[in-house]
Structures are given as structure tokens and as C-alpha cells.
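First the structure, in the form of C-alpha cells, and then the observations on it.
The values are calculated or read from the model by the stated rules, or taken from the named source; none is laboratory data. A quick note: this is a predicted structure, and the numbers were derived from the prediction, not measured. Methodologically, a virtual Cβ is constructed for each residue, glycine included, from the backbone with ideal geometry; neighbour enumeration extends over all protein chains shown. Please note that ligands, DNA and RNA were not included when accessible areas were found on the heavy atoms of the full protein model with its side chains. Shrake-Rupley method; radii C 1.70, N 1.55, O 1.52, S 1.80 Å.
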Amino acid sequence: MIDFFQLLDLQRSAHLDEEPLRERYHALAKDFHPDRAESEVEREVFAKKSADLNQAWETLRHPVSRLRHLLELLAPGEKHDGGIDSGLLELFSKVG
């Protein structure tokens with residue numbers, strides 16, 4: 001499993017300010033855009049990294065999916081779908 005916090009060089013937290021998250025994502029997305037690659041091999045690497053960055057952005061920008069990802073990192077192999085009420089997840093993200 002990819003640690004999206006690590007991928008974006010962010011501290012693991014249930015709460016993230018969206019602006020620094022957005023800035024970090026855009027900077028990395030620009031650096032690893034496949035069009036910037038100088039070879040076909042590098043293009044494939046950049047395409048994979050770009051896809052991972054997009055997935056990280058989509059996961060970490062939403063409090064519920066961010067908390068679910070954090071729980072999966074902290075307790076791998078545990079069931080995290082349906083085990084926590086979505087309202088509680090949203091409350092936890094607001095409090096965090």
C-alpha cells in the first residue's frame with residue numbers, strides 16, 4: 001500500500017489544511033508530468049508517479065477517505081469499511 005502522506009511529503013494526520021495539500025500536489029504533479037519525461041522509460045515512471053499522485057490527492061483532500069487511509073496505514077489488515085459510521089468519521093475529521 002502506498003502511503004499517500006509520505007508520497008506528498010506530509011505528516012500523517014486526520015486533519016490537513018487544504019491549501020498546503022493542494023500546493024504540494026500541484027508542485028509534484030508538475031514535476032512528474034509524463035510530458036516532461038526525456039525517454040520512454042522515464043515517461044512510464046512519470047505516468048505511474050502521476051497516477052499515484054492523483055490518487056493521493058483524491059484520497060487526502062476528503063476527510064472521510066483521508067481518515068480511512070490513515071487507519072489502513074496504522075492498522076494494516078484490519079477491516080475499515082463499514083466498521084466506523086461515516087458521521088463519526090466526519091466528526092472525527094472536524095475535531096482532529
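Could I have the simple spin-label model distance between ALA51 and GLU38, label points 7 Å from Cα toward Cβ, reported in nm to one decimal?
The two pseudo-label positions are separated by 2.5 nm.
Show me, for region 2-14, the HN-Hα J-couplings you get by feeding each phi into the Karplus relation (A = 6.51, B = -1.76, C = 1.60, θ = phi - 60°), rounded to Hz, glycine and proline as x.
3J(HN,Hα) across region 2-14, in whole Hz: 7, 7, 5, 5, 5, 4, 9, 6, 10, 6, 5, 7, 6.
In Å and whole numbers, how far do the C-alpha atoms of region 1-73 stretch along each principal axis, longest first?
38, 25, 16
With a 1.4 Å probe and all protein chains kept in place, how much accessible area does ARG43 have, in Å² rounded to the nearest 10?
Looks like 90 Å² after rounding.
Around LEU7, under 11 Å between beta carbons, what's the net of Lys plus Arg minus Asp minus Glu among the other residues?
Result for the local shell: -1.
Which net charge results for the neighbourhood of HIS33, defined as the other residues with beta-carbon distances under 14 angstrom from its beta-carbon, given Lys and Arg at +1 and Asp and Glu at -1?
Numbers: positive: LYS30, ARG36, ARG43, LYS48, LYS49; negative: ASP31, ASP35, GLU38, GLU42, GLU44, ASP52.
After counting each charged neighbour, the total is -1.
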